[in-house]
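*Asks:* Structure in structure tokens, see below.
The values are calculated or read from the model by the stated rules, or taken from the named source; none is laboratory data. Please read all numbers here as calculations on a predicted model, not as lab measurements. Cβ coordinates were reconstructed from backbone atoms using ideal geometry, including for glycine residues, and neighbour counts include every protein chain displayed. Surface accessibility is based on the protein's heavy atoms, side chains included, excluding ligands, DNA and RNA. Shrake-Rupley method; radii C 1.70, N 1.55, O 1.52, S 1.80 Å.
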Amino acid sequence: MAVIESMMMSDLIAQLRDIAQDAKAWPFAEARALAARMEKTGPKATVLFETGYGPSGLPHIGTFGEVVRTTMVRHAYETLTGEATKLVCFSDDMDGFRKVPTNIPNQEMMANYIDMPLTKVPDPFGTASSYGMHNNLRLQAFLDEFGFAYEFKSSTECYTNGDFDTTLIRVLENYDAIMAIMLPTLGPERQATYSPFFPICPDTGRVLQAKVVAQNPAAGTISYIDRATGEIRDTEVTGGKCKLQWKCDWAMRWVALGVDYEMSGKDLIDSVTQSSKIALALGSTPPAGLSYELFLDANGEKISKSKGNGLAVEEWLTYGAPESLALFMYQNPRRAKRLYFDVIPKSTDDYLAFLGKFAEEAPDKQVENPIWHLHHGAPPREAQTLNFSILLNLASVCHAEEKSVIWGYIKAYAPEASAESHPVLDGLVGYAVTYYKDFVRPNKTYRPA
């Protein structure tokens, strides 16, 4: 029996691999582009996917979106090729603290730490060893909640532990080539002071935007002008004594970690272009990747970590299932979408509609169904009874304060249904009651008798 089951599984994998060659779903298109890149660069034991996070502000739903979309491409690539993969979630937590976000406490205290590495800035919430660590833990918490398989990496640890040292020396050796790439993209004033390296001040610990006047690749050092004293100081570029500028830093990370795939927002197209040129200058092939559109808030403005506008992951999960959020991320990644509370019911009903069709579809249609990508080909099997819109209307009509009120009506409609036999439906009932209490009940108005 075990042998027969193994043969059936092998046949299914082979069938899916054949289907994946022509599948139109965007994760498969991305997977095929990555496979073409890997053919040129040569085989690897493990193909590396990366997502990046800048912990200068609290994680927002766009951060989650990048991880879930990358995971979809990762699964599609594994299905297409059968190769081993790994996902690294990288935090640029050694970056300098440039401004105080408006949505955090202790604003005056935080203003004293401008230009300090984020892992050296105190945590205004008082829950972690630093502000950078607080945000890192927030990021990992909601990634863990969704069951993502990933390895977390900290920029601070990679720089100070020496993980980047070899590649930092390569950056120093190719200093002139990198300057030739970057200077034409800068204005005259910035050109006069630009350097790929930010020295870390040995006295204050701050990330310095200092003018570099000499480089010594053999010694692994640079010389820069100390703005405070006007004197020329020398520092090693390794061991966490320097931090690279953003675009050069991104390229260096691709090379040092061996990144094969990383997607990014449309606002970083220029960064991708310049970082790719720098990676080539360092003798490496830039990763494949998707440029996705940004999320907008209810007013059509870009969602920002520092502003805290738009929805948080926790807020969505208060009123909608995790699968409805994942579906919102899946659909039309190259189109800008508004992200606010009113999209939750529609996304939930769309998810239920796709789930209802999945079991009846042929394999070649299933891989085009978002459900296949949301559940890695193994969605829950539960008979669909009521959609979310009906549950919301029911909660509003009967002023439901408890799930049991709605279940009383459901049992009259579908006697065979129960919370135990229909866990998906039971979850939706809970979301409907919460949505009613928070959004519908406060806005109810009544005509005088």
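*Asks:* Picking from ASP249, ASP270, which residue would you name as being acidic (Asp, Glu), in a helix (DSSP H, G or I), open to solvent by 40 Å² or more (accessible area, probe 1.4 Å) and at pLDDT 95 or above?
*Replies:* Checking each option against the conditions leaves just ASP270.
*Asks:* In this structure, is THR167 out of contact with any Leu (no Cβ under 6 Å at 6 or more places or on another chain), more than 30 Å from LEU374 (Cβ to Cβ), open to solvent by 30 Å² or more (accessible area, probe 1.4 Å) and hydroxyl-bearing (Ser, Thr, Tyr)?
*Replies:* Details: out of contact with any Leu (no Cβ under 6 Å at 6 or more places or on another chain): yes; more than 30 Å from LEU374 (Cβ to Cβ): yes; open to solvent by 30 Å² or more (accessible area, probe 1.4 Å): no; hydroxyl-bearing (Ser, Thr, Tyr): yes.
Here the answer is no, as THR167 does not meet what is asked.
*Asks:* Could you list, in sequence order, all residues of the stretch 333-366 that are surrounded by 14 or more Cβ atoms within 10 Å (Cβ to Cβ), of a type in the set (Asp, Glu) and not in a helix (DSSP H, G or I)?
*Replies:* Within the stretch 333-366, just GLU361 meets the criteria.
*Asks:* So ILE406 clears everything in (1) more than 30 Å from GLU30 (Cβ to Cβ); (2) at pLDDT below 90; (3) open to solvent by less than 80 Å² (accessible area, probe 1.4 Å) except one condition, right? Which one?
*Replies:* (2) is the only condition that ILE406 fails.
*Asks:* Conditions first: (1) free of Cβ contacts under 8 Å to residues at least 60 places away in the same chain; (2) under 17 Å from PRO345 (Cα atoms). TRP407 passes all but one, so which condition is the exception?
*Replies:* (2)
*Asks:* Now, a different point. Return the only residue of GLU78, GLU66, GLU5, GLU108 being at pLDDT 95 or above and either under 20 Å from LEU137 (Cβ atoms) or open to solvent by 50 Å² or more (accessible area, probe 1.4 Å) (or both).
*Replies:* Working: GLU66 fails: at pLDDT 95 or above; GLU5 fails: at pLDDT 95 or above; GLU108 fails: at pLDDT 95 or above.
After applying the criteria, what remains is GLU78.
*Asks:* Sticking with this structure for a sec: Pairs only if they're at least six apart or on different chains, beta carbon under 6 angstrom, first in the stretch 186-213 and on the phi < 0 side of the Ramachandran plot and in a strand (DSSP E or B), second open to solvent by 80 Å² or more (accessible area, probe 1.4 Å) and not polar (S, T, N, Q); list them, first residue then second.
*Replies:* Final answer for the pair search is ILE200/LYS241.
*Asks:* Of the residues that sit in the stretch 295-316 and are surrounded by fewer than 18 Cβ atoms within 10 Å (Cβ to Cβ) and not small (Gly, Ala, Ser), which one is modelled with the highest pLDDT? Quick ask: steps written out before the conclusion?
*Replies:* Residues of the stretch 295-316 surrounded by fewer than 18 Cβ atoms within 10 Å (Cβ to Cβ): 296-302, 304, 306-308, 312, 314-315.
Retained after the next criterion (residues that are not small (Gly, Ala, Ser)): 296-297, 299, 301-302, 307, 314-315.
Numbers: LEU296: 77, ASP297: 72, ASN299: 68, GLU301: 69, LYS302: 69, LYS307: 55, GLU314: 80, GLU315: 85.
Among those residues, the one meeting the criterion is GLU315.
*Asks:* Which residue is modelled with the highest pLDDT, if the candidates are limited to the stretch 409-424 and must be exposed (fewer than 14 other Cβ atoms within 10 Å of the Cβ) and among the hydroxyl-bearing types (Ser, Thr, Tyr)?
*Replies:* Going through the qualifying residues, I end up with SER421.
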